[in-house]
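*Asks:* Here you go, one structure.
The values are calculated or read from the model by the stated rules, or taken from the named source; none is laboratory data. This is a predicted model, so every value here is computed, not measured. Cβ coordinates were reconstructed from backbone atoms using ideal geometry, including for glycine residues, and neighbour counts include every protein chain displayed.
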Amino acid sequence: MSMTNVIDILLVAFVIYQFLMLVRGTRAAPMLVGVAAVALGFYLARIGELTTLSWLISTLLPYVVFALIVVFQSELRHALANLGSRLTLSRARSSESDAYDDIVLAANLFSQNQTGALIVIEREIGLRTYIESGVPLDARLSYDLLATIFRPSAPLHDGAVIVQKDRIAAAACFLPLSMNPVLSTQMGTRHRAGIGITEETDAIAVIVSEETGAISLAVAGNFERDLTVEQLRERLSTLLRRYVPPTTLPTPIVEEEAAEAERPAGYRNPDQSYTPGVDR
């Protein structure tokens, strides 16, 4: 075997490897299985001399090529963009540190203030299609940023936040709604969207109700509602197979405490039965 053949084999192997890495974790991966099945059927038809089947596949093959371009347009666009960024050495490596405890802190804040929120955590299957439907951020995941995004007066509070590792990929994203007839008819759009994204992908959705402040979790189309902050922390730790350390939850600031700080010394509150943080 000559050196030219060795280089040729290595280049082909490199191209195949890069292609597999490109589609790994995206919706294109299961589609490629279908393409491979069609190719295998065409090969078996040629070997087995199945004339009709071979003619049918040969006739449809040119149209299949154009169909694949349409189906994989998003992946092809990202592949060309990644190739250009690698050639210019402009792509930076993302940090591998875990910051999912900020999601727990943010969920606690939203629950106390009854602020609606929908946070989607990406796992193996990529969420590029849904990221492109929102406003790209590519910002480091933090409690302060989540609290800012879901502030009711903020322009990005409607829609979902998509988290990739320790970064917020996008906000105000549109998600598919679950059409499961078993779900309660009283369940709102936010909850149906959180369940819908977990039915199509392996993502995790953390949902906070705007009406009740209840914290819910959606995984694989299953819905867990009325979770405490500690239960949410444990579920995220289990699902992400990471240790999410217990976090000290911030003490909510109430108006009575602020007013008491402004009162003169020696003033005694006639209502001594009030407990901060508990609605009367």
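*Asks:* Working carefully through the options GLY196, GLY213, find the one that is within 20 Å of GLU122 (Cβ to Cβ) and assigned by TED's automatic domain parsing to the domain that holds ALA106. Break it down stepwise before answering.
*Replies:* Values: GLY213 fails: within 20 Å of GLU122 (Cβ to Cβ).
Exactly one of GLY196, GLY213 is within 20 Å of GLU122 (Cβ to Cβ) and assigned by TED's automatic domain parsing to the domain that holds ALA106, namely GLY196.
*Asks:* Right, here's the next one. Can ARG77 be described as modelled with pLDDT under 80, out of contact with any helix residue (DSSP H, G or I) (no Cβ under 6 Å at 6 or more places or on another chain) and part of a helix (DSSP H, G or I)?
*Replies:* Working: modelled with pLDDT under 80: yes; out of contact with any helix residue (DSSP H, G or I) (no Cβ under 6 Å at 6 or more places or on another chain): yes; part of a helix (DSSP H, G or I): yes.
Spelling it out, ARG77 is indeed modelled with pLDDT under 80, out of contact with any helix residue (DSSP H, G or I) (no Cβ under 6 Å at 6 or more places or on another chain) and part of a helix (DSSP H, G or I).
*Asks:* Another one. List pairs: first residue in the stretch 137-161 and at positive phi, second residue not polar (S, T, N, Q) anywhere in the structure, Cβ distance under 7 angstrom, at least six positions apart or on different chains.
*Replies:* That search, which allows pairs on different chains as well, returns ASP138/ARG167; ASP138/ALA169; GLY159/GLY134; GLY159/ALA171; GLY159/ALA172; GLY159/CYS173; GLY159/PHE174.
*Asks:* Follow-up. Inspect all residues belonging to the stretch 142-161 and state whether any of them is closer than 19 Å to GLY196 by Cα, under 12 Å from the mean Cα position of the chain (by Cα) and assigned by TED's automatic domain parsing to the domain that holds ALA193.
*Replies:* Scanning the stretch 142-161, I find at least one residue that is closer than 19 Å to GLY196 by Cα, under 12 Å from the mean Cα position of the chain (by Cα) and assigned by TED's automatic domain parsing to the domain that holds ALA193, so the answer is yes.
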